[in-house]
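The values are calculated or read from the model by the stated rules, or taken from the named source; none is laboratory data. Small disclaimer: the values here were computed from a predicted structure and weren't measured. Quick reminder, even Gly has a Cβ in these numbers, built from the backbone with ideal geometry, and neighbours come from all protein chains shown. Remember, those area values only see protein heavy atoms, side chains included, never the ligands or the DNA or RNA. Shrake-Rupley method; radii C 1.70, N 1.55, O 1.52, S 1.80 Å.
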Amino acid sequence: MKALCIGVAALLLFSFASRKTTEVPIYNIPGFSVKAAVSLADSAKFDVLYDNLDLEGLALSREAFHRAVLGFLTLQISGAVRNADVLSIVDFSLPSTQKRLFVIDMLNGRLLFNTFVAHGRNSGQLMATRFSNRTNSLMSSLGFYLTGDPFIGSHGYSLQLQGMERGWNDHAFQRRIIMHPADYVSEQHIQQWGVLGRSEGCPAIPEELDTAIIDQIKGGSCLFLYAPDKKYARRAVAPLG
């Protein structure tokens, strides 16, 4: 795998800023002072990173990757991202028995983590197919999040998450949706039960990786929870008015 000598995100942002775009299918993420138009053609430039990291071989959906990059850039251009070093993607098009959390070093073109992550118990069993922003739904919420500060909670070393999409995940704080470790997020649980354990809507991660992952993505980085959900897909690429 080739090491990328410069920040791929910075390179793409320079390319975007240096030209005018006529295609503007962009993420409708409310609450930003800047409405940034990022075209699908821009995200295609990241195919080199997708291929160099063999993300297809690891089963990360190319669509999930492209949508994650578009949202990451929109948030970054808007000034919302404080930690632009990493981009985290959860691909719920994969079953819970596959490693579907991807943490990518966007400055150096490296895959930092690829591991298991849980979905909400009411989102499905093997596959996450139902999603909700409602309190007490016990479902996962799709969309873009910004990471906050780590803290020690009832689950141990955990990470605050801020949902950035109104109507899709903006109730994350009220729902106490956080990233936290769980003993049911393990190969042993899969071997015993045939599926990964499920959370109350949180993207729970393996206990042995909690500190390493949380310390890497804390402090305002972008986290994207993806699924091939038609309603969300129409929302995600709606042009800003």
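Here are a few things to note about the model shown:
- Count Lys and Arg as plus one, Asp and Glu as minus one, and take only other residues whose Cβ is under 13 Å from that of residue 227; the net charge is then +3.
- Cα-based shape type of region 97-233, given that a ≥ b ≥ c are square roots of the gyration tensor eigenvalues and the cut on a/c is 1.5: rounded
- With all protein chains modelled, accessible area of residue 66 [1.4 Å, Å²]: 40 Å²
- Probe 1.4 Å - accessible area at residue 127, Å² to nearest ten: 70 Å²
- Ranking 115, 97 from most to least accessible surface, computed with a 1.4 Å probe over the protein chains only, gives 97, 115.
- To the nearest 10, the accessible area of residue 157 is 50 Å² with a 1.4 Å probe.
- Environment charge at residue 171 (Cβ cut-off 11 Å; Lys +1, Arg +1, Asp -1, Glu -1): +2
- Under Karplus coefficients 6.51, -1.76 and 1.60, residue-wise ³J(HN,Hα) of region 159-166 in Hz, glycine/proline x: 9, 5, 10, 10, x, 9, 10, 4
- At most 16 other Cβ within 10 Å, DSSP loop - trypsin sites (Lys or Arg not before Pro), region 82-164: 82, 130, 134
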